[in-house]
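Taking it in order: structure first as structure tokens, then the write-up.
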Amino acid sequence: MRLFVAIHPSPEALADLTGELTRLRVGTAHASGVDVRLTPPDNLHLTVVFVGEVADTRLPEVRSALDRAARTWRPPPGTDGSVEVVGVPRLRLGGGGLFGVAPDTVLWVGLRGDVDALYAVSLASRRELAAVGLPSDPRPYVPHLTLARPGKGLSPESVEADRAALDGYLGPAWPVTEMALVRSHPGPRPVYERLAAWSL
């Protein structure tokens, strides 16, 4: 089974992002029937760790590792060097970026706020998975939420214009209180199945 660990933005954050998406060129192109793939609203998430293919028999080990990660995770040091103990980390969707080159470009929105907390929970999850010999994506972690795969539907210039427009976007804040283990069922329209969740 193909697994990843995710944090889901609040409904308010996703609604605000959806409104922003309708103003971007990828959104207007998709609405007019151009072959531009937008991430379905139900699939929008922030990947904490991409685990990849794991045998069904190892699912209990994955759950145990993530349970330990959730229990040992702590908010990162505050700006004054002390440990943050009041409140919970808060994130906001904002800024944008691109992975890959046309026609395989991915347009994404980045994160603002307590992003160090997201790095901390990703590191804790990777550490606990590695301790039991489970895989995770070795590439440097780039916190983001995938918006669209423009393919050949938009010119590189139009996609870059959307990326630049996202630099001025800042959505509402939401508290990071939970992470989830998700199974991905690949295909032309991927389906994401939530298998478990942990409070942070």
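How many percent of the accessible area of the chain is carbon or sulfur, using a 1.4 Å probe? List each step's numbers first, then the result.
Values: 5620 of 10230 Å².
Summing carbon and sulfur atoms, their accessible area is 55 percent of the total for the chain.
Label-to-label distance, D56 versus L170, with points set 7 angstrom from Cα along the beta-carbon direction: 4.9 nm.
Given the options G19, G94, G151, state which has the largest fluctuation in a GNM of the chain using a 10 Å cut-off (strictly under) for Cα springs. Judging by the Gaussian network model, the answer is G19.
Can you tell me how much longer the chain between A197 and E178 gets when fully stretched, taken as 0.36 nm per residue apart minus their C-alpha distance, in nm with one decimal? Mind showing how you got there, number by number?
Working: separation 19, 0.36 × 19 = 6.84 nm, distance 0.68 nm.
Additional length available on full extension: 6.2 nm.
On a per residue basis, the chain carries 51 Å² of accessible surface, using protein heavy atoms and a 1.4 Å probe. Relative to the Cα centre, the charge distribution of segment 1-143, modelled as +1 at Lys and Arg Cβ and -1 at Asp and Glu Cβ, gives a dipole magnitude of about 140 debye.
The values are calculated or read from the model by the stated rules, or taken from the named source; none is laboratory data. Please read these numbers as outputs of a predicted model, since none were measured by experiment. Methodologically, a virtual Cβ is constructed for each residue, glycine included, from the backbone with ideal geometry; neighbour enumeration extends over all protein chains shown. When the accessible area is computed, the model is the full protein with side chains, heavy atoms only, and any ligands, DNA or RNA have been set aside. Shrake-Rupley method; radii C 1.70, N 1.55, O 1.52, S 1.80 Å.
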